[in-house]
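The values are calculated or read from the model by the stated rules, or taken from the named source; none is laboratory data. Treat the numbers as computed from the prediction; the structure is a model and nothing was measured. Here Cβ is always computed from backbone atoms with ideal geometry, including for glycine, and neighbour counts include all displayed protein chains. The protein model used for the area step is the full one, side chains on, heavy atoms only, and it has no ligands, DNA or RNA in it. Shrake-Rupley method; radii C 1.70, N 1.55, O 1.52, S 1.80 Å.
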Amino acid sequence: MAKCFTIAAFVATALCFSSVLVSADYLDVEGKVYCDTCRVEFQTRISDAIPGAKVKLVCNNRENGTLTYTVEGATDSSGTYRLPVAGDHEEDICEVRLVESPRADCNEPFQSVNSARILLTKNVGVVDKLRYANALGYMKKVAQPECGSILKEMGFLPFEAYN
């Protein structure tokens, strides 16, 4: 009986260890895409999530710029995307880029930021397999009327366009 238990424990341990080895070569990148309703290129309390926005993860070798990995995805109903990453990209520069907004009223890319750089290696002291990218957004064609008061609440001086 003791031998059966020892063999069973060994098999269970080996199975657990092998599942760690199999899953060790992937990470997931998660982020959000939003509509900047005030045209200020950052989120406010009236920013909207953009369901169905297309994003792309691109990794290039930091030495020679060669494309090493790419994957595309889309946001869910909450404006959140999750992209699978195969392999370790310690020697790469990786970033999530906006591809397309499905909203005709909110599809103008930001002038200042159009991608989110992210480290995709297990050699940075992070145990979790999920990496979070900064939120990315598109601007509405016209700012909402309440933006002046919202920016004032946030401690910004009102811009003339919002007065």
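Normalised Debye scattering of the stretch 106-154 at q = 0.21, 0.28 Å⁻¹ gives log10 I(q)/I(0) of -0.85, -1.08, counting only Cα atoms as equal scatterers and leaving out solvent. Rounded to the nearest 20, the size of the Cβ-charge dipole of the stretch 102-151 about its Cα centre is 280 debye, with Lys and Arg at +1 and Asp and Glu at -1.
Taking 13 Å as the straight-line reach from the Cα of Lys152, the aspartates and glutamates in range (excluding those fewer than 8 positions away in the same chain) are Glu160. If the cut-off is 22 Å between C-alpha atoms, which lysines fall inside it for Lys122, apart from same-chain ones fewer than 8 positions away? The reachable lysines, counting only those whose Cα sits under 22 Å from Lys122, are Lys56.
In the stretch 23-163, the ratio of gyration radius to Kirkwood radius, Rg to Rh, stands at 1.05 when only Cα atoms are counted. In the context of the full set of protein chains, residues of the stretch 54-122 present 55 Å² of accessible surface per residue (probe radius 1.4 Å, heavy atoms only).
Give the residue list of GluC sites (Glu not before Pro) in the stretch 53-127 that are DSSP loop and have at most 12 other beta-carbon atoms within 10 angstrom. All intermediate terms of the calculation are to be shown ahead of the outcome.
Values: sites: Glu63, Glu72, Glu90, Glu91, Glu95, Glu100; in loops: Glu63, Glu90, Glu91.
Passing sites in the stretch 53-127 are Glu63, Glu90, Glu91.
The figure for Asp48 is an accessible area of roughly 60 square angstrom, using a 1.4 Å probe on the protein chains alone.
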